[in-house]
Amino acid sequence: MARYDFDLITIGAGSGGVRASRLSAQMGAKVAIIEESRVGGTCVIRGCVPKKLLVYGAHFAEELEDAKGFGWTVPKPDFSWGQLVANKNREIDRLNGVYINLLKTAGVRLIEGRAALADAHSLAVGGKTFTAEHILIATGSRPHLPTIPGVDFAISSNEALDLMEQPHRIVIIGGGYIAVEFAGIFGALGSEVTVVVRGERLLRGFDEDCVEALALEMGKRGMGLRLGRIPVKIEKEDNAYTTFLDDGSELHSDLVMCATGRHPNTQGLNLPALGIETTPTGSIAVDEYSATSVPGIYAIGDVTDRMNLTPVAIAEGAAFARTVFGKEPTAVDYTNVPTAVFGQPPLAGVGLTEADARASHGAIDVYVSRFRPMKHTLSGRDERTLMKLIADRRTQRILGCHMMGPDAPEIIQGMAIALKCGATKAEFDATIGIHPTAAEEFVTMRIPEPDRK
Ligand code: NDP
């Protein structure tokens, strides 16, 4: 008789957990996955996918305006927030079904409920105990709201995706991915948006020129930015909210949303009792193979707070399966991971920012191109794109590639392959562009910016 019920039990059926479970099963392991909510996790159910559908929906507002310059007569368009959310929900239901089927087809048993670890090889779910040789924790993260009076009046991205009505005026607290993306969604749809950022700029960690250019474009679209301000209190009266800032000013709105980061989902797992080490931020500490401090227990994805992106969690899940069931120790390479913020317009980048490249490589060449997208010569829209290449002056290797403007995420994905291959500036120069595109700028930039510190 087998020593354990399963070879692997995964806790959490998000992107990383599902990939790890399916791959492990394909490698011959007997696998179960435990999920307390809907299969698909944050990305599919309440993150990347529904957000992107709303981003598409919002962008039509601009497209309809821009069409006039191309000879279209567009009657005053009518938009239904309720219809967009309902259609989005239908697609999320479909994807939830696809994910359930993927597990079924791979032979992974789905156990519904909330898991608590009992020891290194067993866990409890709803009064039942299951055992496994290996346990993989892939429980993800949840929105973290600041501890200020009245914060309970604020929603997080979870609720923002399912609002019954579009707010006329919204205050968004935070200056990261989620704040910028939802500012773009609501702003494009005509809500009055104010983003409150505690730092001096949006999107800490992204290339400064791109972030500045984005802030400018957001301003042109009427979105308000309150930089260097900390919210201290939120009050609600009837359906009106007042957000008090640290400079004594007040912001009035119909909704307040916090996009102030996410925290790892570790509560109730029983980590301390098992001696599973956590980091000072409460995430699960793991080695390069995603092994925790307790043999047999692994963790991947947001709960480990390494690089909180869906494709990274998927890569960690795949590496885990290869390491444990493929007998091929595999560590994820976290260098040159491209990332994008689906704002209006979007911003994307891969490799080092100018500041980081300067700090780590000293002498660098920076190439910048700022231009009005060709489409807007006829649409008349006042919008500029910014593209940027950063090369190591000594080796001429491209260290970073960044863009703010339409299609930036689609373009940067291709550039990421070049960086992964270690491409040099000469190789970019030797690449023939596709004309006329914005992307061709990346292979036609010839004159570096004058040296700046
Ligand atoms: P981020 O970590 O990107 O940004 C959090 C923002 O909130 C920062 O501006 C931060 O300021 C600010 N903040 C934190 N605490 C407070 C506070 N107490 N008061 C005021 N401001 C505060 O988190 P998000 O919530 O935007 O997104 C969470 C994660 O989800 C991201 O890190 C990303 O990994 C992932 N994500 C990825 C997306 C994508 O790939 N397109 C899309 C959406 C999310 P400061 O910078 O000063 O710390």
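Name the strands (runs of 3 or more DSSP E) wholly inside segment 262-373 in which the number of residues that are within 30 Å of LEU117 (Cβ to Cβ), open to solvent by 40 Å² or more (accessible area, probe 1.4 Å) and among the β-branched types (Val, Ile, Thr) is 1 or more.
Of the strands (runs of 3 or more DSSP E) lying wholly inside segment 262-373, none has at least 1 residues that are within 30 Å of LEU117 (Cβ to Cβ), open to solvent by 40 Å² or more (accessible area, probe 1.4 Å) and among the β-branched types (Val, Ile, Thr).
Right, ARG394: under 19 Å from HIS361 (Cα atoms) and either exposed (fewer than 14 other Cβ atoms within 10 Å of the Cβ) or among the hydroxyl-bearing types (Ser, Thr, Tyr) (or both) or not?
yes
Cβ-Cβ distance below 7 Å, separation of 6 or more or different chains: which pairs start in segment 104-116 with a residue that is more than 13 Å from ALA13 (Cα to Cα) and end on one that is among the small types (Gly, Ala, Ser)?
The qualifying pairs are ALA106/ALA25; GLY107/ALA25; ALA116/ALA124; ALA116/GLY268.
Consider only pairs whose beta carbons are under 6 Å apart and that are at least six residues apart or on different chains; among these, list those whose first residue lies in segment 144-155 and is aromatic (Phe, Trp, Tyr) and whose second residue is within 13 Å of the ligand (Cβ to nearest atom).
Listed pairs, sorted by first residue: PHE153/ILE234.
Quick check on THR377: is it among the polar types (S, T, N, Q), under 30 Å from GLY71 (Cα atoms) and surrounded by fewer than 15 Cβ atoms within 10 Å (Cβ to Cβ)?
So THR377 passes the test.
Quickly run through segment 329-358 and pick out the residues that are hydroxyl-bearing (Ser, Thr, Tyr) and within 16 Å of the ligand (Cβ to nearest atom).
TYR334, THR339, THR353
Filter segment 150-162 down to residues that are part of a helix (DSSP H, G or I) and either in contact with an Asp or Glu (Cβ under 7 Å, 6 or more places away or on another chain) or within 13 Å of the ligand (Cβ to nearest atom) (or both), then give me how many there are.
4
Assuming LEU203 fulfils every condition listed in (1) buried (at least 20 other Cβ atoms within 10 Å of the Cβ); (2) in a strand (DSSP E or B); (3) within 11 Å of the ligand (Cβ to nearest atom) apart from one, which condition is it?
Exception for LEU203: condition (2).
For segment 285-321, which residues satisfy the criterion of being more than 16 Å from the ligand (Cβ to nearest atom), in contact (Cβ under 8 Å) with a residue 24 or more places away in the chain and of a type in the set (S, T, N, Q)?
SER290, THR292
Residue by residue, here is whether (1) within 25 Å of ALA86 (Cβ to Cβ); (2) within 16 Å of the ligand (Cβ to nearest atom) holds:
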position: ILE9; (1), (2): no, no
position: GLY14; (1), (2): yes, yes
position: ALA20; (1), (2): no, no
position: ALA29; (1), (2): no, no
position: ALA32; (1), (2): no, no
position: ARG46; (1), (2): yes, yes
position: PRO50; (1), (2): yes, yes
position: LEU54; (1), (2): yes, yes
position: GLY57; (1), (2): yes, no
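Can you name the residue in segment 35-59 that is touching a residue at least 60 places away in the same chain (Cβ under 8 Å) and in contact with a Phe, Trp or Tyr (Cβ under 8 Å, 6 or more places away or on another chain) and is also farthest from LYS327 (Cα to Cα) among such residues?
ALA58
Condition check ((1) in contact (Cβ under 8 Å) with a residue 24 or more places away in the chain; (2) surrounded by fewer than 16 Cβ atoms within 10 Å (Cβ to Cβ); (3) assigned to a loop (DSSP other than H, G, I, E, B)) across all residues:
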| residue | (1), (2), (3) |
| --- | --- |
| MET164 | yes, yes, yes |
| GLY175 | yes, no, yes |
| GLU181 | yes, no, no |
| ILE185 | yes, no, no |
| VAL195 | yes, no, no |
| ASP209 | yes, no, no |
| GLY222 | yes, yes, yes |
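Can you give me the number of residues within segment 386-416 that are without any contact (Cβ under 8 Å) to a residue 60 or more places away in the chain and not in a helix (DSSP H, G or I)?
13
The values are calculated or read from the model by the stated rules, or taken from the named source; none is laboratory data. From a predicted model like this one, the values you see are computed outputs, not experimental measurements. All Cβ positions, even for glycine, are placed from backbone atoms using ideal geometry, and neighbour counts span all protein chains on display. Side chains included, ligands, DNA and RNA excluded: accessible areas come from the protein's heavy atoms. Shrake-Rupley method; radii C 1.70, N 1.55, O 1.52, S 1.80 Å.
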